[in-house]
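Laboratory data are not the source of any read-out in this text; all were calculated from the coordinates shown. All figures in this text were calculated on a predicted structure; none of them were measured in a lab. Glycine gets a Cβ as well: all are built from the backbone with ideal geometry, and neighbour counts include every protein chain shown.
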Amino acid sequence: MTTPRRVLVVGGGGREHAIAWKLAKDGAEVLVAPGNAGTAAIAENVPLAATDVPALVEFARRREVDLTVVGPEAPLVAGIVDAFQNAGLRIFGPTARAAQIEGSKLFCKQILHRGDVPTAMFREFRAMARAREYLEAREDMPVVIKADGLAAGKGVFVCADRAAALEALAAISADPQLAAASGGILVEERLDGVEVSVMAITDGRTIVTLPPLQDHKAAHDGDQGPNTGGMGAYCPAPFVDADMLADIEARILVPTVHAMRRAKVPFQGVLYAGLMLTAQGPKVLEFNARFGDPECEALLARLDSSLLDLLDATADRRLDEVQPPIWRNGASVTVVMASAGYPGSVEKGRPIRGLDAAARVTDAQVFHAATRAGDGGVVTDGGRVLAVTATGASLARAKLQAYTAVKEIRWPGAWCRKDISDKGLRHERETPAADDASTLAAEAPP
Ligand code: AMP
Ligand code: GLY
């Protein structure tokens, strides 16, 4: 088996820039469709939309692409993997049916049930009126209302009480997009605890669990403000120690992969578990069928061994033959720089200054999330514009380097959260390392 030399990355965000950057470092010739100004500097951008599946198949064939790697969920749910495989082309990612683990919350719950995987208790309703009756009849308690179907994060309402839950139902009915996407309504028990992301690469049989991360979904510092795609991430999330990660693998990831295979919907690609660390242990909030964004940027910054080998082996169903990945010691932090107005509507086309100076900051890497080449240089092209990433021997050091790079970059209206990784730093301060604890115990006077 020769290593593929030409790899096509599908997508154009920070995640895809990070994947393309790493694959290029691994020695691949990388093409990105459609890419952004960042990927243009390290790869060849291809002017095809990520969801234009027939054109992508034709392109991959014509350019003799050895392996295609899919970043975002939309092409997966649209069946890009099925189309490539039917055309005899190698591709990394789940089929449309397997991607339903992300695309359909009901499908996800069915798989979790089959695998006996810990998750929030829930009830499913086909009709809005039934959901309303249920909420009115049961005791008043915090719940989460979810509209089934892909609604770009808009379909989830975390509700403190019954009144808020009834309002959420009304909001779903009133929103044509949500109502249309909604195959049903889930009323879920609200889980409390720390949220973490744990991803695994799997070929449907073998699982490679990746280090834990934490995302920051709220727009503003202190987890205030509206929900976003993610304003920053760091790796590893210290809340998950090696024992807990092994437990998550054994009780959540492995049973899910097996349940999917038994259901004749084998999953190949990145299985992303959004978890709540509750008092009863880790429970699944949701699964995604792809790398998280911005988690991917923070993750790949720490990957010292080959990503290409992992993805390649997965596409060939021989992940069991690959050596475990090697992660750089210490930590990484990714800070998202956003346009004014995000997560609402934003202005585009603002010239970005300071990218070169930021790139010179030690251990920093600026991934582009929504940029394009403008007349005088790189300009903004969306809400989440850059994913400024740094590694360091400690989490504190990685945070310092990431924000040092952020400070070099400016455009009118640019902003970011200032507290990315602070929950992890607080946890480190409050939890003595296991070694320290044993030393203290040994030295304690009788
Ligand atoms: P999304 O990523 O758009 O599916 O939204 C999921 C987000 O909603 C998670 O990141 C959680 O913050 C929150 N969430 C979802 N389900 C629950 C639950 N059962 N209990 C508490 N929070 C939840
Ligand atoms: N950062 C969360 C996600 O990619 O869904």
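Do you know the relative contact order of segment 1-133, to the nearest whole percent, from alpha carbon pairs under 8 angstrom that are 6+ apart?
19 percent
What translational D, rounded to a whole number of µm²/s, comes out for the chain from Stokes-Einstein when the hydrodynamic radius is the Kirkwood one over Cα pairs, at 25 °C and 0.890 mPa s?
My calculation gives 109 µm²/s for D.
May I ask you to derive the relative contact order of segment 8-53, considering only C-alpha pairs under 8 Å and at least 6 residues apart, and to give it as an integer percent?
Result for segment 8-53 is 38 percent.
Can you sort Glu44, Glu297 from fewest to most other Cβ atoms within 10 Å of each residue's own Cβ?
Fewest-to-most ranking of Glu44, Glu297: Glu44, Glu297.
Between Ala359 and Glu133, what is the label-point separation in nm under the 7 Å Cα-to-beta-carbon projection?
6.3 nm
Extension gain Asp375-Lys348, at 0.36 nm per residue separation less the Cα-Cα distance, in nm?
Separation in residues times 0.36 nm, less the Cα-Cα distance, equals 8.4 nm.
For Lys348, which aspartates and glutamates qualify as cross-link partners when the Cα separation must be under 16 Å and same-chain residues fewer than eight apart are set aside?
Within the straight-line cut-off, Lys348 pairs with Asp375, Asp381.
Using a/c under 1.5 as the rounded threshold, could you call segment 7-68 rounded, prolate or oblate? The axes a ≥ b ≥ c are square roots of the C-alpha gyration tensor eigenvalues, and prolate needs a/b larger than b/c, oblate otherwise.
oblate
Considering only DSSP beta bridges where both residues belong to the chain, give the percentage that are antiparallel (nearest 5).
So the antiparallel bridges amount to about 80 percent of the total.
Let a ≥ b ≥ c be the square roots of the eigenvalues of the Cα gyration tensor of segment 237-333; is it rounded (a/c under 1.5), or, if not, prolate (a/b larger than b/c) or oblate?
Cα axes put segment 237-333 in the oblate bin.
Treating the beta-carbon of each Lys and Arg as +1 and of each Asp and Glu as -1, no other charges, what is the dipole magnitude of the chain about its Cα centre, to the nearest 20 debye?
880 debye
Using Cα-Cα distances under 8 Å and only pairs 6 or more residues apart, what relative contact order does segment 290-330 have, in percent?
Once divided by the residue count of segment 290-330, the mean separation gives 47 percent.
Give me the net charge of Gly35's neighbourhood, meaning all other residues with Cβ under 10 Å from the Cβ of Gly35; Lys, Arg count +1, Asp, Glu -1.
Residues near Gly35 contribute -1 overall.
Mean residue ellipticity at 222 nm from the helices of the chain, using -39,500 (n - 2.57) per DSSP H segment of n ≥ 4 over the full residue count, to the nearest 500 deg cm²/dmol?
The helix-only estimate for the chain comes to -9500 deg cm²/dmol at 222 nm.
What is segment 49-127 by shape, rounded, prolate or oblate, if you read a ≥ b ≥ c off the alpha carbon gyration tensor as root eigenvalues and call it rounded for a/c under 1.5, prolate for a/b larger than b/c, and oblate otherwise?
prolate
Among Ser339, Ser345, what is the fewest-to-most ranking by other Cβ atoms within 10 Å?
Ascending Cβ contact count within 10 Å gives the list Ser345, Ser339.
Going by C-beta contacts inside 10 Å, put Lys264, Lys105 in order with the fewest on the left.
Lys264, Lys105
For segment 26-156, build the charge dipole from Cβ charges (+1 Lys, Arg; -1 Asp, Glu) around the Cα centre, then report which of Ala43, Leu31, Ala129 sits farthest towards its positive end.
Projecting each Cα onto the dipole axis, the largest value belongs to Ala129.
Cut-off under 29 Å on the C-alpha distance; same-chain residues fewer than 8 positions from Lys25 excluded. Which lysines are left, in chain and number order?
Candidates past the 8-residue exclusion: Lys399, Lys407.
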